[in-house]
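The values are calculated or read from the model by the stated rules, or taken from the named source; none is laboratory data. Keep in mind it's a predicted model, so treat the numbers as computed, not measured. Every residue, glycine as well, gets a Cβ built from its backbone with ideal geometry; the counts of neighbours run over all protein chains shown. Just the protein is used for accessible areas: all its heavy atoms, side chains included, with ligands, DNA and RNA removed. Shrake-Rupley method; radii C 1.70, N 1.55, O 1.52, S 1.80 Å.
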Amino acid sequence: MIKLLKRELTALVNDPWQLALVSYIPLLSVIGLWLLFSAGLPRQLPVAVVDLDQSQVSRTLARQLQANPVTRPISYVDVASAVKAMQQAEVYALLVLPHGFKRDLLTGERPIIDIRYNSQFLLVGKLLSSQLQTSMAAGLQPLALTKQLAKGIPKKQAIINLSPIRHQTSALFNLNSNYVGFLVPPVLIALLQLLAMLVFANSLNRELRWNSVSQWQARGIWKGIMAKIVFYTPILLLHGGFILALIYVYLSIPNAGSMGLLLFCQAMMLLAIWLIVLLVFFMLKDSTRVISFCTAMFAPAFAFMGVTFPTHEMPAIAQWWRAIMPTSHYIEAHIAIVSYGQGLSVILPKQLSYWGYLLLLIPIAFLVRKGFELDAESLENFSKKES
């Protein structure tokens, strides 16, 4: 085994692409993706404001939007130009304050504030929808209180009339609605899976590219496979540990569980990835097709994690695809550890979901036994040299 591990080390040093995959490419990719979400929350999102009333009340509401750190109001003279700006993605939402807005409020009418948002930008749209409604409610409350006082209602009773029920809304497990804690972990785990696939597939493909299959078979394919697993698993776990340290140590995102337990779950995920890549490699036995097939399989992993869309609402074929993805099994344990602080006694049974990947050993063993089409004489000559 030591001889085979030295062989893997020598091959790594002599392969610039593989060396890049296990060194600086993961680091640059992780840091680059983190920088995309480093703001934590979207700020100063452009919102079109069409003030058709031009009254003191309507201008107060516009200033209320200006005070909201999430929104950046931009004035438009008419609805048509504001709609055009939204269609061109210059603004993400539209607010229309109608003619006679102040008059209707003072005379007891119920004017309609037209709020539109671009739902193509799902998270941004929903964030703006809630922020616009909150800002409008906060801006209109002083006027409503003034009307109550003008009717001779005591101030305390007027406040009760405006808010008869006191409510408290608590955001659990992500108190500040921080996008870093919500999106970055699953995005980086999906990246780790993709990098792990590329590293292992490239290591297997090297036997084809360097015409070293005969040497590999002479030493024993299963021994060679184990050497690759033993060699590359700690390297990928090191990158997985870097991701966890970046998120939960450097960025201080709350973590209720154990970092060691998260690394254990990552190791289980990596073993599942190795088995899938092995099956594809021995099925196709072509370096280009192996990379293409595995990339097509693993690239959309983030969408199947169930973080941004509930998995039970997915169609059956999508749920089957999700069951194939090792990251889908890992993310459930990740959330249970980080958010709920669950320990080994609870997490270990969850890892039994990986048992299905062991069934891949049956077709892999059959394909390994079938082997490669090699020149028997070259294989025999190499065996004599080894002996």
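General remarks:
- Annotation note: trypsin sites (Lys or Arg not before Pro) in segment 62-162 located in DSSP loop regions with a Cβ neighbour count of at most 15 within 10 Å are 151.
- Label separation (residue 366 vs residue 340): 3.8 nm, computed from points 7 Å beyond Cα along the C-beta direction.
- Annotation: per residue accessible area for the chain equals 54 Å², rounded to a whole number [probe 1.4 Å, protein chains only].
- Accessible surface ranking that places the most exposed of 352, 4 first, with a 1.4 angstrom probe: 352, 4
- Three-way shape call for segment 175-226 based on the alpha-carbon gyration tensor, with the a/c threshold at 1.5: prolate
- Accessible surface of segment 190-301, 1.4 Å probe, proportion on carbon and sulfur as whole %: 69
- For segment 304-344, with all protein chains in place and a probe radius of 1.4 Å, 65% of the accessible heavy-atom surface sits on carbon or sulfur.
- Where both bridge residues fall in the chain, DSSP classifies roughly 25% of the beta bridges as antiparallel.
- Note on segment 1-92: with neighbouring protein chains present and a 1.4 Å probe, carbon and sulfur make up 63 percent of its accessible heavy-atom surface.
- Over the chain, dividing the summed -39,500 (n - 2.57) contributions of all DSSP H runs of at least 4 residues by the number of residues returns a 222 nm mean residue ellipticity of -20500 deg cm²/dmol.
- A Förster distance of 25 Å, applied to the separation of the beta-carbon atoms of residue 230 and residue 286, puts the FRET efficiency at 0.45.
- Residue among 225, 291, 153 with the largest mean-square fluctuation in a Gaussian network model of the chain, springs linking Cα atoms under 10 Å: 153
- Gyration tensor (alpha-carbon) shape descriptor, segment 265-341, a/c threshold 1.5: oblate
- Derived scalar couplings between HN and Hα for segment 106-121 equal 6, 8, x, 6, 10, x, 9, 8, 8, 10, 10, 9, 7, 7, 5, 8 Hz in order, rounded to whole Hz, by the Karplus curve 6.51 cos²θ - 1.76 cosθ + 1.60 (θ = phi - 60°), x for Gly and Pro.
- Helix 361-370 axis, angle to the chain major axis (alpha carbon atoms, nearest 10°): 40
- Surface listing: 24, 250, 232 arranged by accessible area from highest to lowest gives 250, 24, 232, probe 1.4 Å.
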